[in-house]
Amino acid sequence: MGSISSFINLLFSSKYTVAFTGSGVSAESGIPTFRGKKGIWKRINPDTVATREGFLKNPVFVWKWYLERFKTLEGAKVNYAHIALAKLEKKGLLKAVITQNIDGLHQKAGSKKVIELHGTVKKVKCLKCGKKFSSSIASNTLPPTCPKCGGLLRPDVVWFGEPLPEKTLNEAFQEVSKTDLLIVIGTSGTVMPAAMIPYLAKQKGAKIVEVNTEETPITAIADLFFKEPCSILFRKLMEEAKI
Ligand code: BV8
């Protein structure tokens with residue numbers, strides 16, 4: 001277990017701190033995580049709703065599933081972990097958030113530099129012409145079609161078996177190449193290539209601080225590990241650091 005004072009020392013002595021987050025950072029906002037006891041993938045097979053093949057097989061079903069999720073995500077409130085990361089960025093103590101989440105809560109909390117590796121709940125895109133629209137377009141008939149070319153619209157997220165947008169991935173790797181302190185929050189470190197990020201940072205000599213309610217494969221390379229809900233840990237950190 002890490003000590004808050006060591007975390008504070010790392011935070012104030014590092015030149016380029018970056019946060020890497022997964023669904024666990026939004027768990028205390030009431031958004032279910034993917035794995036673990038009550039994980040989303042316990043209730044539905046990702047092949048059915050989180051692959052291109054699954055979508056093409058039954059676009060209406062997948063749209064209904066996503067619209068359900070969008071409702072939860074849109075209605076969710078930021079929790080103190082999101083707020084703390086935005087405050088640290090404002091203070092110049094955090095340079096970027098690289099997130100696997102599509103819920104937009106980092107931006108809602110005020111974070112400016114947010115790299116969304118797996119896309120966003122805010123947008124949909126046309127399978128035919130690639131044009132993007134706000135997700136609100138998918139509110140009436142399902143499956144929604146492109147106002148421009150009539151093609152099928154899909155959520156603007158990265159499904160299993162799909163490559164991450166090159167520009168986004170390169171941007172994330174750029175941040176990793178500059179970081180000397182990576183704070184890893186609420187990820188099981190399962191999904192590649194996102195899960196490579198902590199190892200790449202470690203390889204280049206960055207310090208790793210992990211915040212998770214349970215141990216993960218990343219814990220083995222963490223310089224500090226805090227086994228507790230992230231909003232509670234960040235409350236302690238910000239209070240003790242008087243930020
Ligand atoms: C790719 C969509 C290659 C968005 C998601 C076969 C074929 C093709 C690829 C593969 C294959 N086999 C394996 C792969 C690679 C695959 C992969 O990694 N699979 C894993 C499961 C083995 N990856 C891919 O397919 C990727 N693409 O490889 O393309 C390619 C290249 C070129 C050309 C063609 C193809 C694409 C991966 C993206 C998948 N998209 N979601 C959406 O709808 O949300 S996956 C899903 O998992 C989410 O995106 C999520 O972000 C991501 C990672 O999960 P986590 O965020 O870590 O969440 P999880 O629930 O797992 O963990 C939560 C953690 O929080 C836990 O540790 C828990 O303890 C902790 N926690 C809980 N509460 C708290 C907390 N911590 C702190 N505080 C709390 N309060």
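Every read-out reported here was derived from the displayed coordinates using simple, explicitly stated rules and does not represent laboratory data. Worth saying up front: this structure is predicted, and the values here are computed from it rather than measured. Reconstructed Cβ throughout: ideal geometry from the backbone, glycine too, with neighbour counts over all protein chains shown.
Quick notes on this one:
- Projecting the Cα atoms of Tyr66, Thr21, Gly39 onto the dipole axis of the stretch 10-86, where Lys and Arg carry +1 and Asp and Glu carry -1 at the beta carbon, places Gly39 farthest toward the positive end.
- Here the stretch 10-127 was treated as a single set of alpha-carbon atoms; its pair distances binned every 5 Å from 0 give 2, 11, 19, 22, 17, 12, 8, 5, 3, 1, 0 percent.
- Relative contact order for the chain, counting Cα pairs under 8 Å that sit 6 or more residues apart, in percent: 25
- Counted charge near Val97, where neighbours are those whose Cβ lies closer than 15 Å (Asp, Glu -1; Lys, Arg +1): +3
- Normalised alpha carbon radius of gyration of the chain [divisor 2.2 N^0.38 Å]: 1.03
- Charge dipole (debye, nearest 20) of the chain; +1 at Cβ of Lys and Arg, -1 at Cβ of Asp and Glu: 700
- Mean ellipticity per residue at 222 nm, deg cm²/dmol - from DSSP H runs of n ≥ 4 across the chain, formula -39500 (n - 2.57): -10000 deg cm²/dmol
- Shape parameters for the stretch 168-243, alpha-carbon atoms, Rg then Dmax in Å: 12.8, 36
- Ellipsoid semi-axes in whole angstrom, largest first, where each is sqrt(5λ) of the Cα gyration tensor of the stretch 1-60: 37, 15, 9
- Ordering of 139-149, 195-205 by packing [mean C-beta count within 10 Å, highest first]: 195-205, 139-149
- Per-residue ³J(HN,Hα) for the stretch 43-54, Karplus 6.51 cos²θ - 1.76 cosθ + 1.60, θ = phi - 60°, Hz, x for Gly and Pro: 9, 8, 6, x, 4, 6, 10, 10, 9, 4, 4, x
- Legend: distances between Cα atoms for Lys87/Lys167; Lys108/Lys128; Lys167/Lys202; Lys71/Lys132; pairs beyond 25 Å are Lys87/Lys167; Lys108/Lys128.
- For the stretch 12-133, a crude dipole built from +1 on the beta carbon of Lys and Arg and -1 on the beta carbon of Asp and Glu, taken about the Cα centre, is about 240 debye to the nearest 20.
- Think of the chain as a dipole: +1 on every Lys or Arg Cβ, -1 on every Asp or Glu Cβ, centred on the Cα centre; then among Ala206, Gly54, Ser5, Gly54 lies furthest on the positive end.
- Check: the stretch 93-220 dipole with +1 on Lys, Arg Cβ and -1 on Asp, Glu Cβ, in debye: 680
- Expressed per residue, the C-alpha convex hull volume of the stretch 77-130 stands at 76 Å³.
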